[in-house]
Amino acid sequence: PLRLAVDARVISEDTRGIGRYARAILRRLAARDDIALTFLAEELFAQRRQRAYAAALGSERFVIRRRAGRDIDSIWHPANGTFLSSRLPSVVTIHDAVPFRYPNPDVERRAHAQGPFVRSALTATRIIAVSQFGRSELHDALGVPLDRITVIEHGVEASFSPGEPQPLPPVLRDRNFLLFVGDPIGEPRKNFPLLYEAYRRAWPNGDGPSLAVAGPRAPELPGVVWTGNLAQDLIAGGQ
């Protein structure tokens, strides 16, 4: 089998699109007999992640290590850049070039955000982009030759396909609402404050629809209603 190591930092906790992407692919890889998975977790007691990884993937067909040894054929970095150092052949998925298109004005934070991308440009054997536009962005921002960037577009998980209608969360029933999907606190580039300012200007007396946030958390502000994660995928098959 292909002995594939994977940077596991987004497998069991990341509720963003990057986490969904990694889990969706790894569930399928774990079911294949021709691939042997090793998850790389740099923390001191990495084995404590065993149960969380198994729940997220619906499989225990993997081993956990802190470092990739010589018995590994290749490393896959799914988390938008290279965070682990290794001399092994590597494949990196980069979803966008946001740290370069919208650089942080703080020098240290900018360097921290851009570092994994630059490391990928210097060390990755192959980079996966998720669109032709993303491929051209990586070429322009990082100078990566186009022949090192392969476009593999996102698929569609079954949970996003039409199915039996599901009732709204109790907090949204029998009321009008505007919907925001994402993490308004952890992902400032989503610019939730601008949305909220527009919302409050439109209904200054608080008599408008609710502003519903579907995501891992929501700010405690007048009019904002948190629904939780409407399609939870941290547990394989969970909704």
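Here the Debye sum runs over all C-alpha atoms of segment 106-239 as equal scatterers in vacuum, and log10 of I(q)/I(0) at q = 0.14, 0.18, 0.19 Å⁻¹ comes out as -0.92, -1.08, -1.11.
Between ALA55 and VAL98, the simple label model (points 7 Å from Cα in the Cβ direction) yields a spacing of 2.6 nm.
Per residue, the accessible area of segment 126-211 comes to 69 Å² when a 1.4 Å probe rolls over the protein heavy atoms. Mean separation of Cα pairs under 8 Å and 6 or more residues apart, divided by the residue count, gives the chain a relative contact order of 16 percent.
If you roll a 1.4 Å probe over the heavy atoms of the protein chains, what accessible area per residue do you get for segment 1-86, in Å²? Could the numbers behind the result be given before it?
Numbers: 4310 Å² over 86 residues.
In whole numbers, segment 1-86 has 50 Å² accessible per residue.
Rounded to the nearest 10 degrees, the angle from helix 17-30 to the longest Cα principal axis of the chain is 50 degrees.
Global size of segment 1-132: 14.9, 47 Å for Rg and Dmax (C-alpha atoms, Rg to one decimal, Dmax whole).
Compute log10 of I(q)/I(0) for segment 67-176 with the Debye formula, placing one identical point scatterer on every Cα and leaving out solvent, at q = 0.23 Å⁻¹, to two decimals. Summing over Cα pairs of segment 67-176 leads to -1.22. In segment 76-127, the alpha-carbon atoms span a convex hull of 68 Å³ per residue.
Between GLU157 and LEU44, the simple label model (points 7 Å from Cα in the Cβ direction) yields a spacing of 3.3 nm. Out of the total accessible area of segment 1-68 (probe 1.4 Å, heavy atoms of protein only), what percent is carbon and sulfur? Of all accessible area on segment 1-68, carbon and sulfur atoms account for 51 percent.
If you filter segment 144-194 for trypsin sites (Lys or Arg not before Pro), then keep DSSP loop positions with at most 12 other Cβ within 10 Å, what is left?
Working: sites: ARG148, ARG173, ARG175, ARG189, LYS190; in loops: ARG173, ARG175.
Counting only loop positions with at most 12 other Cβ atoms within 10 Å, the trypsin sites (Lys or Arg not before Pro) in segment 144-194 are ARG173, ARG175.
Once the Cβ-Cβ distance of LEU2 and ALA111 is raised to the sixth power relative to R0 = 45 Å, the FRET efficiency obtained is 0.85.
Our coupling estimate for segment 206-219, obtained by passing each phi through the Karplus curve with A = 6.51, B = -1.76, C = 1.60 and θ = phi - 60°, is x, 9, x, x, 6, 9, 8, 10, 9, x, x, 6, 8, x Hz, Gly and Pro reported as x. Each 10 Å bin from zero holds the following percent of Cα-Cα pairs in the chain: 7, 26, 32, 24, 10, 2, 0.
If a spin label sat at a point 7 angstrom from the Cα of VAL118 along the line to its beta carbon, the backbone N atoms of segment 56-100 nearer than 14 Å would be those of 82, 99-100. Rolling a 1.4 angstrom probe over segment 80-120 with all protein chains present gives an accessible area of which 52% lies on carbon and sulfur atoms.
Give the value in nm², to one decimal: projected area of the alpha carbon convex hull of segment 138-202, averaged over all directions.
Convex hull of Cα atoms, orientation-averaged projection: 8.4 nm².
The values are calculated or read from the model by the stated rules, or taken from the named source; none is laboratory data. All values reported here derive from a predicted model rather than from experimental measurement. Here the Cβ is made from the backbone with ideal geometry for all residues, glycine too, and neighbour counts use every protein chain on show. With ligands, DNA and RNA removed, areas are computed over all heavy atoms of the protein, side chains included. Shrake-Rupley method; radii C 1.70, N 1.55, O 1.52, S 1.80 Å.
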